[in-house]
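Novice: Sharing a structure below in C-alpha cells format, with a few things to ask.
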Amino acid sequence: MKVILPEEKALSKKQITIYSAIVITCVIAIIVAFYVQFYARIEIGRLLGFETETKLGNKTEEQIENLELEFEHIFTNQIENREGHDNKKKENDKSLVYTKIERKEKKENDYDIEVQIPYINIDHPKIEEYNQEIETFIQKLNQVIQTQNKNIIYNVEYVANVQNDILSLMIRSQLKEGANAQRVIIETFNYDLRNNKEISLEEVLRIENMEPFEVQQKIRNKIQKEQKKVEDLKNIGYNIYSRDITSKRYEVENSKVFYITKDTLYLIYAYGNENFTSEMDLVIL
C-alpha cells in the first residue's frame, strides 16, 4: 500500500514576520533583564531610549535650605527603611544595621559621652572592612573613658537607609577636648546590595540619570559661595576655616562622602575629617 504524506505548508511572509518579531522581542527582553539585574538599576524605558524624570537634582533653593537646616536632626540611630534583603544578614534576629555600642555617661572634669555606634549586619568581606573602620569610633570611646581632667565631650550618632538596593550609612562624631576647637567627623558607607560591592558617587549619578557635569557645577557653585562668606568674615576679623576652591577634593570622582535617602542625595565635605574643625559643606541634590 502506498502511503501519501500530507504536504508541508510553507509559512507565509506574514507569519514569518510575526514569528521573527516575537523572537526578536524575546531576545531584547532577555538582554534588558540581564543588564538591569546585574549591572544597573536603570529603568527599562530609559534603557530603550525613553526619557524618565529623575527623583534627584530638581529641588528649589527653599527646599535645599530647609534640608540643610534639618540635617542636624537626620541622625536617628536606626535604619530608616529596611526594604528586605534579610537573606544577606549575618544575624537573622537583628536589623541590617543596628546599634552595637550604646553608652551615655558623664564624669565630672573628665568626660561627657553619648554614643550610639552602628554595626552593619551583612556577611561579606567588604562589609567586614566597613565594620573595621567603624571600630575606630569604639577605640576612641575607650580612649576617652580612660582620660582624667581633660573635660572631653564625645558624641557619636548615625542614620542608615536602603533605597533602590543601595544601603547607605552615615556616622557623625563630635569631639571637644578641653580648650581645643570642636572637631566633627562624618563618614559614610554606601553598598550595592544587589551586586555585593561598594558603590561610587558616579555610579549613583548614572543610576539616577543625573549628569556628572551638572552635579560638578553645583558643587563648585556651593563651595565658591561658602568661601565668599569666609572671606567676608575674615575681613571683619573672624578666623574661619578657609576652602581651597581649586582643590581636587571637590571633583565628583573624588567625592567619597555621600548619603542617599528617599529623594535626596547629600554630598558632604566635612573638614573635621582631617582637621580640628566643625566646619563642613553640604551639597544637596
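The values are calculated or read from the model by the stated rules, or taken from the named source; none is laboratory data. Values in this document were obtained by computation on a predicted structure and should not be read as measured data. Neighbour counts are summed over all protein chains in view; Cβ atoms, including those assigned to glycine, are modelled from backbone coordinates with ideal geometry. Side chains included, ligands, DNA and RNA excluded: accessible areas come from the protein's heavy atoms. Shrake-Rupley method; radii C 1.70, N 1.55, O 1.52, S 1.80 Å.
Novice: Only Cα pairs under 8 Å and at least 6 apart count here; give the relative contact order of the range 148-285 as a rounded whole percent.
Specialist: It rounds to 25 percent for the range 148-285.
Novice: OK, next. Between beta-carbons, use under 13 Å as the cut-off and find the net charge around Y241, counting Lys and Arg +1, Asp and Glu -1.
Specialist: Here the charged neighbours net out to -2.
Novice: Of K126/K248; K107/K262; K100/K229; K89/K262; K104/K228; K88/K218, which pairs sit farther than 29 Å apart, going by alpha carbon to alpha carbon?
Specialist: The pairs that break the limit, which is 29 Å between Cα atoms, are K107/K262; K100/K229; K104/K228; K88/K218.
Novice: Hey, another quick one. Among residues other than E65 whose Cβ falls under 13 Å from its Cβ, what is the net charge (Lys/Arg +1, Asp/Glu -1)?
Specialist: -1
Novice: Residue by residue through the range 176-191, which ³J(HN,Hα) values in whole Hz follow from phi under the Karplus form 6.51 cos²θ - 1.76 cosθ + 1.60 (θ = phi - 60°), with glycine and proline marked x?
Specialist: Along the range 176-191, the couplings run 10, 10, x, 8, 5, 5, 5, 10, 10, 10, 10, 10, 10, 9, 10, 10 Hz.
Novice: Let me check something: with ligands and nucleic acids excluded, how do T60, T246, T277 order by accessible area (1.4 Å probe), largest to smallest?
Specialist: Descending order: T246, T60, T277.
Novice: I would also like to ask the following. In the range 210-267, what trypsin sites (Lys or Arg not before Pro) fall in a loop by DSSP, with at most 12 other Cβ atoms inside 10 Å?
Specialist: Sites meeting the loop and neighbour criteria: K262.
Novice: Sort the range 157-233 into rounded, prolate or oblate with this rule: let a ≥ b ≥ c be the square roots of the eigenvalues of the Cα gyration tensor; rounded if a/c is under 1.5, and if a/c is not under 1.5, prolate when a/b is larger than b/c, oblate otherwise.
Specialist: oblate
Novice: Determine the per residue accessible area of the range 128-263 with all protein chains present and a 1.4 angstrom probe, expressed in square angstrom.
Specialist: With all protein chains present, the range 128-263 gives 50 Å² per residue.
Novice: Taking the Cα centre of each part, how many Å lie between the range 66-111 and the range 208-285?
Specialist: Using only Cα atoms to place each centre, the spacing works out to 25 Å.
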